[in-house]
Amino acid sequence: MTETRLTQFAAGGGCACKIPAAQLEGIVAGLNGATHPDLVVGMDTGDDAAVVRIAGGQAVISTADFFTPVVDSAYDWGRIAAANALSDVYAMGGKPVLAINLLGWPVDVIDTDLIPDVLRGSADIAEGAGIPLAGGHSITAPEPIYGLAVTGVADPDRLLRNNIAEPGLPISLTKPLGVGILGNRHKATGEIFPEAIATMTQLNDAASAAALAAGVRAATDVTGFGLLGHLFKMCRASGVSARIDRAAVPVLEAAVASLREGYVPGGSRRNLDWVRPHLDAAPGVSEDDLLLLADAQTSGGLLIVGEIPGAPVIGETTRHTGSGPRITIP
């Protein structure tokens, strides 16, 4: 029997299938004025999740995240999708309490016998996070799509936000870059990269807890818009600039070699095109360096303005003097 390669049924893969950042911002531009007295975090800064204050001095975090297959293994795809969706809650400094399934499946094209493997992978991640995964919604769709809607809780006064970064602080990154490039190679060749699967299925719970313990106030997770894209959004929302030491940024070694061989997701190129006008890169910074920094990640790490144990410091926030934020790469 021939194994079904799920990635062959998707135009994109993982978070690289996001609507391009510039296009998305234009789409939602007219919706940013929504207000409610209990809304703590809405759409204004493009943060990782919505947050509403409830009775008892607590906040509820709500998010949804889903995407097309980033790997051919149905079980691993479920694990990656679940870890990625839960990350939005961790990136806000919250704790997930419940998740539900979101599934789209081309039932006339791909055997539905693979669906339980997707759900089992997701359930295993939810169990590792200590939360129930119950119910959800499914539809027929032209491409396989899977993810979660997640509810979490947090102290509204101790949220991690993307709009309160201050200048003069270190910037840390908790996972290596390069899974977008390796996903592109996996889709093209079928090669499996266990290190990429390992980082994408790693929960950001410990990093979130460490950030809160260290008194960190500003953070976001690095997903489809790449390190540069998410850093730019944070800088813009906070009114700061940043300097990145590209040599300090952790990168999966196989991704460096794969990039040299031409494996680059279209989403990564679009990310770089979007942020390039805001970059000040030294002459020694190559196009490959920039593509790695813009690589569209799936279930990436936390980008933290501060320091936590075990996470490399990759740069610092700075004051900006112009009309908008600049990201300097010396």
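The values are calculated or read from the model by the stated rules, or taken from the named source; none is laboratory data. Just so we're clear, the structure is a prediction, and the values are computed from it rather than from any experiment. Backbone-built Cβ (ideal geometry, glycine too); neighbour counts: all protein chains shown.
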Single residue of 124, 88 found to be surrounded by 24 or more Cβ atoms within 10 Å (Cβ to Cβ) and among the acidic types (Asp, Glu): 88
Every residue from segment 4-37 that is loosely packed, with under 13 Cβ neighbours inside 10 Å and modelled with pLDDT of 80 or more: 8, 11, 23, 36, 37
Condition broken by residue 188, with the remaining ones in (1) surrounded by 24 or more Cβ atoms within 10 Å (Cβ to Cβ); (2) over 22 Å from residue 121 (Cα atoms); (3) assigned by TED's automatic domain parsing to the domain that holds residue 296 satisfied: (1)
Count of segment 262-313 residues which are closer than 18 Å to residue 11 by Cα, β-branched (Val, Ile, Thr) and in contact with a strand residue (DSSP E or B) (Cβ under 8 Å, 6 or more places away or on another chain): 1
Residue match in segment 75-87 (condition: at pLDDT 95 or above and over 30 Å from residue 159 (Cα atoms)): yes
From 249, 222, 150, 179, residue being within 18 Å of the chain's Cα centre (by Cα), β-branched (Val, Ile, Thr) and not assigned by TED's automatic domain parsing to the domain that holds residue 276: 150
Segments classed as strands (runs of 3 or more DSSP E), wholly inside segment 91-175, with at least 2 members that are without any contact (Cβ under 8 Å) to a residue 60 or more places away in the chain: 95-105, 133-140
Wholly enclosed helices (runs of 4 or more DSSP H) of segment 207-322 bearing at least 2 residues small (Gly, Ala, Ser): 226-238, 253-260, 266-275
Segment 5-30 residues that are under 12 Å from residue 268 (Cα atoms) and of a type in the set (Ser, Thr, Tyr), paired with ones that are surrounded by 14 or more Cβ atoms within 10 Å (Cβ to Cβ) and modelled with pLDDT of 75 or more (beta carbon under 8 Å, 6 or more apart): none
Test: residue in segment 247-254 that is at pLDDT 95 or above, in contact with an Asp or Glu (Cβ under 6 Å, 6 or more places away or on another chain) and crowded, with 17+ Cβ neighbours inside 10 Å: yes
Of residues in segment 309-328 being surrounded by 21 or more Cβ atoms within 10 Å (Cβ to Cβ) and under 19 Å from the mean Cα position of the chain (by Cα), the one farthest from residue 246 (Cα to Cα): 311
